[in-house]
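Input: a single structure, listed below in structure tokens.
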Amino acid sequence: MKTLALNLRRLLLILGFLLTGPALATMTDEVSLDRSWRTTSPASAGIAPDPATTPEAVVQVYGARTVRWRGAFAVHTWISVKPEGAANFTTHEVIGWRFWQSGNALRQRQGSPDRPWFGATPELYAELRGEEAATAITQIEAAIATYPFTGEYKTWPGPNSNTFTASIARQVPALALDLPPTAVGKDYLGETRFLASAPSGTGYQLSLFGLLGGTLAVEEGLEINILGLSFGIDPLDLAIKLPGLGRIAATAG
């Protein structure tokens, strides 16, 4: 009985440690427990360039806190592209309700790429313009066509929207995408793949079903994944990465 009680105490301590960040995140303005689709606006947040005055090709990667209690843990991410001379952005993303309705999680939509996600203001994670963006769009389209999890979706540990964004980013080196620790699912590689390049393309990651693993890369720094929650340190940006709270940098920027 003493051994059982000791093991239970250790388990509770570990769970408490993992959940501290998400619990603190609920106290910030980023997380709202009462958001729903009714709070979603199709209007631009003013981050993306206007296609009417931006003829060059553009690629942008966004993320925003997901809805209700899940926002304490995770963001939803998406990739938007605008070829040279195009009148609109096309946004590519994976959405759970689409999978549950049709069996295909992938969605494409036209319009503002930076519209709020269930009322949460998006954050720009990466951007390319001009010839670099034009090359990346070709790579993105090829990566989407071969994305292996369109017929699968799991909120945790993946495959989900962040699995999709990370998978595409691995095939577009110019993005050098460093997804935040709140992009739960970014470390999911599948049931038979355990080693891959980091999403930024600047290092490597080891992952066991998205539940346990690590990443070592120039852009990401060092990250440890425990039960889908990421802890890390980014020496180049003098930042730490915590579940729920995201990236905390020593200086703004």
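The values are calculated or read from the model by the stated rules, or taken from the named source; none is laboratory data. On a predicted model such as this, the values are computed, not experimentally measured, just so you know. All Cβ positions, glycine included, derive from the backbone under ideal geometry; neighbour counts span all protein chains shown.
Within region 91-106, the set of residues being assigned to a helix (DSSP H, G or I) and either among the acidic types (Asp, Glu) or more than 18 Å from Ala166 (Cβ to Cβ) (or both) comprises Trp97, Arg98, Trp100, Gln101, Ser102.
Yes/no per residue for (1) basic (Lys, Arg); (2) on the phi > 0 side of the Ramachandran plot:
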{"site": "Pro157", "(1), (2)": "no, no"}
{"site": "Ala166", "(1), (2)": "no, no"}
{"site": "Arg170", "(1), (2)": "yes, no"}
{"site": "Ala176", "(1), (2)": "no, yes"}
{"site": "Lys186", "(1), (2)": "yes, no"}
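A single member of Gly214, Gly221, Gly244 is at pLDDT below 95 and buried (at least 17 other Cβ atoms within 10 Å of the Cβ), and it is Gly244.
Ala143 is checked against (1) in a helix (DSSP H, G or I); (2) of a type in the set (A, V, I, L, M); (3) touching a Leu at 6+ places or on another chain (Cβ under 7 Å) and fails just one. What number does that condition carry? With (1) in a helix (DSSP H, G or I); (2) of a type in the set (A, V, I, L, M); (3) touching a Leu at 6+ places or on another chain (Cβ under 7 Å) applied to Ala143, the lone miss is (3). Tell me which residues, restricted to region 67-79, are free of Cβ contacts under 8 Å to residues at least 60 places away in the same chain and buried (at least 24 other Cβ atoms within 10 Å of the Cβ). Matches in region 67-79: Gly71 only. Restricting region 160-180 to residues that are outside any helix (DSSP H, G or I) and within 8 Å of the chain's Cα centre (by Cα), which is surrounded by the most Cβ atoms within 10 Å (Cβ to Cβ)? Out of the qualifying residues, it is Leu179.
Each residue in region 217-253 was checked for being closer than 20 Å to Met27 by Cβ and in a loop (DSSP other than H, G, I, E, B), and 3 pass.
Conditions (1) in a strand (DSSP E or B); (2) surrounded by 16 or more Cβ atoms within 10 Å (Cβ to Cβ), marked per residue:
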site: Gln108; (1), (2): yes, no
site: Glu131; (1), (2): no, no
site: Ala136; (1), (2): no, yes
site: Tyr147; (1), (2): no, yes
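What's the total number of residues in region 105-126 that are in contact with a Ser or Thr (Cβ under 6 Å, 6 or more places away or on another chain) and either among the basic types (Lys, Arg) or within 18 Å of Gly246 (Cα to Cα) (or both)? Final tally of qualifying residues: 1. Would you be able to say whether some residue in region 219-233 is aromatic (Phe, Trp, Tyr) and under 25 Å from Ile137 (Cα atoms)? There is no residue in region 219-233 that is aromatic (Phe, Trp, Tyr) and under 25 Å from Ile137 (Cα atoms).
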